[in-house]
Amino acid sequence: MIPYPNINPDLIRIGPLRIRWYGLMYVAGFVAGYFLIKRQERSRQIGLTGPMVQELIFILAVGLIVGARLGYLLFYQYMDLGYYLIHPVEIVALWHGGMSFHGGLIGCVIAGWWFSRRKKMPFWAVGDSVIVAAPAGLFFGRIGNFINGELFGRVTDVPWAMVFPQGGPLPRHPSQLYEALGEGLLLFLILWNLRKKGFQDGMMVACFLGLYGVIRFFLEFFREPDPQLGFVIGPFTMGQLLCAAMIIGALLLALLLKRRKAKENRS
């Protein structure tokens, strides 16, 4: 067993003012995304450079936060929606925790579509540039989860197991680190190399949806299910059901893109 480092979630605390590691991880993810988007040839070809990237990052950040919070309430707190309707302030109480990746993804898609339409830029090309950079944000986000000691793994006896302060006395998988490496580093390396293949616009988005869905679906077997839901269907968690929907969506998107390309070639 490896001792959990038990890092103070507050990087700086002066009276009521707190700067938390988790918030800093979000900032690091957006900064990394900014430079990764700018570096791509695809971005330069569609005019996604300089101040345009800064504006896009800001709009995506808003979409991410709003979508992640609402997604958490809809996907993971749907049995308590009545409580949130009675106490609407709790809907925006981000300091209480509760964010959903899948909700954040939907929020980013809507924000990116709005940005592309307003700037008269090709939506799928913008999406491909952004999605290649997304795993960097996922990496930092999972490191933030680890520092917070949240979203820990299931009980195990592997040599690298840890006892998390919020997870009881039993050793558990450090599943946040598994996800940081899988959804973050591994997925980034795959997408960063695939971007050179010259796929049609939108195909990188499909690759991200499918690969993330597969990686997260597998890693969910090591992660403790959300206590308010447990296993939703058989041995599967809500996260796995949402990832299954991502995989199906990826296949449908790839099929639609192929058909559109074939139709364009015939015309």
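Summary table below
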| item | result |
| --- | --- |
| Acute angle (nearest 10 degrees) that the helix 238-266 long axis makes with the longest principal axis of the chain, alpha-carbon atoms | 10 |
| Rule-of-thumb Rg ratio for the stretch 1-146 [Cα; 2.2 N^0.38 Å; N residues] | 1.18 |
| Rg in Å to one decimal, and Dmax rounded to a whole Å, for the stretch 40-100 via C-alpha atoms | 16.6, 49 |
| Dipole magnitude (debye, nearest 20) for the stretch 10-266, charges at Cβ of Lys, Arg, Asp, Glu | 1320 |
| Euclidean distance of C-alpha centroids, the stretch 74-135 and the stretch 221-267, integer Å | 17 |
| Estimated translational D of the stretch 150-257 in µm²/s (Stokes, Kirkwood radius over Cα pairs; 20 °C; 1.002 mPa s) | 141 |
| Percent of Cα-Cα distances greater than 33 Å, calculated over the chain | 23 |
| Scattering curve values for the stretch 119-177, log₁₀ I(q)/I(0), Debye with Cα scatterers, q = 0.20, 0.21, 0.23 Å⁻¹ | -0.73, -0.77, -0.85 |
| Nearest 10 degrees, 0 to 90: helix 21-39 Cα axis against the chain principal axis | 20 |
| Contact order relative to length of the chain, as percent, for alpha carbon pairs under 8 angstrom and 6 or more apart | 20 |
| Relative contact order [Cα under 8 Å, 6+ residues apart], the stretch 103-202, whole percent | 30 |
| Principal axes of the stretch 76-201: Cα extent on each, largest first, Å | 54, 45, 21 |
| Burial order of peptide ranges 115-127, 141-153 (average beta-carbon count within 10 Å, highest first) | 141-153, 115-127 |
| Tilt relative to the chain, helix 101-119 - C-alpha long axis, 0 to 90 degrees, to 10 | 30 |
| Long-range tail of P(r) for the stretch 217-267 (Cα pairs > 14 Å, %) | 62 |
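Every number in this text was worked out from the coordinates using simple rules, so none of it is lab data. What you see is a predicted model, and the numbers here were worked out from it, not measured in a lab. Note that we place each Cβ from the backbone using ideal geometry, even for glycine, and neighbour counts take in every protein chain shown.
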